[in-house]
Structure formats: structure tokens, C-alpha cells
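Asker: I'd like to ask some things about the structure below.
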Amino acid sequence: MNLPFDASHPSNVSMDISKDDFEFPMLLDEAPAGPLGPPRPNPSGITLERAVEGLLQLRGLWTAEYGSHGPEVVHLRGIRNKHSGDMDESSEVNFVEGFKVIGDVNVPAGEVSFAVDLRRFALGRFDGVSLHTGDTFEGPIVSFNGHGVIAEDLEGRRIAARFAGLGTTNSYPGTWRPEFESVELLLYETDEGQIDLTMFSVMWTSDRTWDLADFTPYRLPYPPSFGGRPSHLRQT
């Protein structure tokens, strides 16, 4: 895959700028669209159209363990145009991003945690080949469960599709000096061969380790309302 920059090396796209001036970089817009890498086993015959339709149904609030920072919350939303940041509910959505609602000292709330391009994808089971470099990854894939690090076997998961993109990292807690790392968003399928709407994963694919975050729906402690506050807290 030919990227407009080498996303496998975050230092090549780092930005030493203030938070007020920060804008998430345009994703892969100059790269050719289409499937990435060789065909993978696809038992249910999931198509790109079905995968994108399922992914767009996942828009909303999700939570996952971000390593030692613990659980965080992102708003998964569709973006039509990364230049303008316009949000769109139509089939013209080209990007999906995770906007942090609850963040940490490295990447705080109000910043984009990750964004993927719906036009750069792979369908079918995981084969260990990076969507960004085309190389087979030989290192460990790990996740965090709040108690420690877990080694993951993605070949045992019912992966339906993967989408390539970028994730934000920051090695300077309390100081905003973001860098960008290649990521993949993973969709799963149910036993019935449909897109699983109960979870998705994002994998940060650095050179040494691939870090996996499994997202599940974030349940509000009270029903949402247009007033923005629980009804029992409103003054009448």
C-alpha cells in the first residue's frame, strides 16, 4: 500500500505544535483505494458494503481499556470530509473516527483517538499481514483487561473486516506533542454470518508490539435527554 507518508514510523508524521493549532491529519487521501493485501478466508461472504453498513451502525459511545490508563470512552462517528470535519449520516461517509469523551494525560478528552478510511480495507479472517506495510507481523499482539497484559490470538476470532487508519499517541503526559501511528479497526461477525454490533476492536500496529483495544458499548447511567442532565437533577 502506498501511503502519502510512512505511517509505520510515527516520527515521520509527528507534529510539535500547540493543542490549539492541532488538526488530525488527512488520512490516506492520496493513496489508491481498494482491498489491501491478498484475499483472506471469508466464510460468510461478507462484502465491503455489508461491512461499511455494519460499521456505520456502531456510531455512538464505546469504552475500552487503554493500557495502564484504564477504561476510556470514545464517540465513534462518521466523517464525510476530513478537511472540513463535516459529520454526515449518509452513505458518502469515507472515514470513521473515535473522538475521546473520557481521555487520559497523554491523549485527553476532546481529541481524536483514531480514525480509519473506509476505502482501505481487508475482508475476511486475520492472517497476520499488516494492512499498512504488507509484511507479516511476527511479534506479540496484546490487550489489557485492567489487571495486566493478555496475549491475543486473532486467528481464533471471527474477524469479518479490517480498515486501515491512524491513531494518536503522545509520549509527554501533560504536554500536547501528538504523533501518529498506524492502526487497524477490526469488525467481527456473529454465528449467523452478520456483522457483530456488540463490539469492535482497534489495534495499534507499531514495529515491536501490536496493542489491541476491545470496545464495548458505553452504557449511560441514565437515559439521554435533550436537556443534557438527568431529569431528577433539573430544576423546575
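Asker: Roughly speaking, what is the stretch gain from T209 to R59, that is 0.36 nm per residue apart minus the C-alpha to C-alpha distance, in nm to one decimal?
Answerer: Extending this stretch completely gives an extra 51.2 nm.
Asker: Between S171 and E138, what FRET efficiency comes out of the Förster formula 1/(1 + (r/R0)^6) with R0 = 22 Å and r the beta carbon distance, rounded to 0.05?
Answerer: 0.35
Asker: Quote to one decimal, in nm, the extra length available between R40 and T216 on full extension: 0.36 nm per residue of separation minus the C-alpha distance between them.
Answerer: Separation in residues times 0.36 nm, less the Cα-Cα distance, equals 60.8 nm.
Asker: Can you order the peptides 54-62, 154-162 by their average number of other Cβ atoms within 10 Å per residue, highest first?
Answerer: 154-162, 54-62
Asker: Taking a 1.4 Å probe, which of S171, S68, S143, S44 shows the most accessible area, and what order do the others take after it?
Answerer: From most exposed to least exposed: S68, S171, S44, S143.
Asker: Follow-up question, since we're still on this one. Just to confirm, what accessible area per residue do you get for the range 102-198 at 1.4 Å probe, in whole Å²?
Answerer: 39 Å²
Asker: Okay, moving on. State whether the range 133-208 is rounded, prolate or oblate according to the following rule on the C-alpha gyration tensor (a ≥ b ≥ c being the square roots of its eigenvalues): a/c under 1.5 gives rounded; otherwise a/b larger than b/c gives prolate, and the remaining case gives oblate.
Answerer: prolate
Asker: Rounded, prolate or oblate, given the Cα gyration tensor of the range 75-212, with a/c below 1.5 counting as rounded?
Answerer: oblate
The values are calculated or read from the model by the stated rules, or taken from the named source; none is laboratory data. Being a predicted model, the structure only gives us computed values, none of them experimental. When we count neighbours, we look across all protein chains shown, and the Cβ atoms used for this are built from the backbone with ideal geometry, even at glycine. Keep in mind that these areas ignore ligands, DNA and RNA; they rest on the heavy atoms of the full protein, side chains included. Shrake-Rupley method; radii C 1.70, N 1.55, O 1.52, S 1.80 Å.
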